[in-house]
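The values are calculated or read from the model by the stated rules, or taken from the named source; none is laboratory data. Small disclaimer: the values here were computed from a predicted structure and weren't measured. Ideal geometry is used to build each Cβ from the backbone, glycine not excepted, and the neighbour counts take in all protein chains shown. The protein model used for the area step is the full one, side chains on, heavy atoms only, and it has no ligands, DNA or RNA in it. Shrake-Rupley method; radii C 1.70, N 1.55, O 1.52, S 1.80 Å.
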Amino acid sequence: YGPRIAHQLPKVLEELKQNPNTRRACVLILSEADNCLYGKDETIEYPCCFNITFSIRNGKLNSHFDMRSENTAIVLQLDLYLQCRVLIEVAKILDLPVGKISSNIVSAHIYNRDLKYIEEIIYG
């Protein structure tokens, strides 16, 4: 979803620079156009992360991302890495230290096909 983020980022950066106390520094990833996938094969990619909100608190840049769905066995690792990288890169642009990252996940799940992988992680 890089193009969706990149398209909105300049305005979000400007908002954070002009108003460090803003609560409007949001990048919307899910778009109305994605709704064309309703009723279609669920293997067709539909954005799981629908929003990233940035805030400056105590002189540090924080981010919060909202997930509608999260495959916690496989994809969570990648999503956490990517969200951390986005936070780090935006903090560099704004010349701010990195603060906290947080998330809401509406549906966190593990598929049966991934249970063996999880067992290997837990039990070695």
query: Looking only at the range 68-124, which residues are within 25 Å of PRO3 (Cα to Cα), among the acidic types (Asp, Glu) and in contact (Cβ under 8 Å) with a residue 24 or more places away in the chain?
result: GLU70, ASP79
- prompt: Tell me, which strands (runs of 3 or more DSSP E) wholly within the range 1-81 include 2 or more residues that are open to solvent by 60 Å² or more (accessible area, probe 1.4 Å) and not β-branched (Val, Ile, Thr)?
  reply: 49-57
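One line per residue, one yes/no per condition, for (1) on the phi < 0 side of the Ramachandran plot; (2) modelled with pLDDT of 95 or more:
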residue: CYS49; (1), (2): yes, no
residue: ILE52; (1), (2): yes, yes
residue: ASP66; (1), (2): yes, yes
residue: TYR81; (1), (2): yes, yes
residue: PRO97; (1), (2): yes, yes
residue: TYR117; (1), (2): yes, no
residue: GLU120; (1), (2): yes, no
residue: GLY124; (1), (2): no, no
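Would you check which residues across the range 89-115 are assigned to a helix (DSSP H, G or I), open to solvent by 70 Å² or more (accessible area, probe 1.4 Å) and charged (D, E, K, R) and list them? Step through it out loud before you land on a result.
First pass over the range 89-115, keeping only residues assigned to a helix (DSSP H, G or I): 89-94, 112-115.
Retained after the next criterion (residues that are open to solvent by 70 Å² or more (accessible area, probe 1.4 Å)): 89, 92-93, 112-113, 115.
GLU89, LYS92, ARG113 - these are the residues of the range 89-115 that are assigned to a helix (DSSP H, G or I), open to solvent by 70 Å² or more (accessible area, probe 1.4 Å) and charged (D, E, K, R).
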- prompt: In the range 74-94, is there at least one residue being under 29 Å from LYS11 (Cβ atoms) and of a type in the set (Gly, Ala, Ser)?
  reply: yes
message: Going residue by residue through the range 38-50, is there one that turns out to be farther than 22 Å from GLN8 by Cβ and hydrophobic (A, V, I, L, M, F, W, C)?
response: yes
- line: Those residues of the range 1-37 which are at pLDDT below 95 and farther than 23 Å from ASP79 by Cβ amount to CYS36
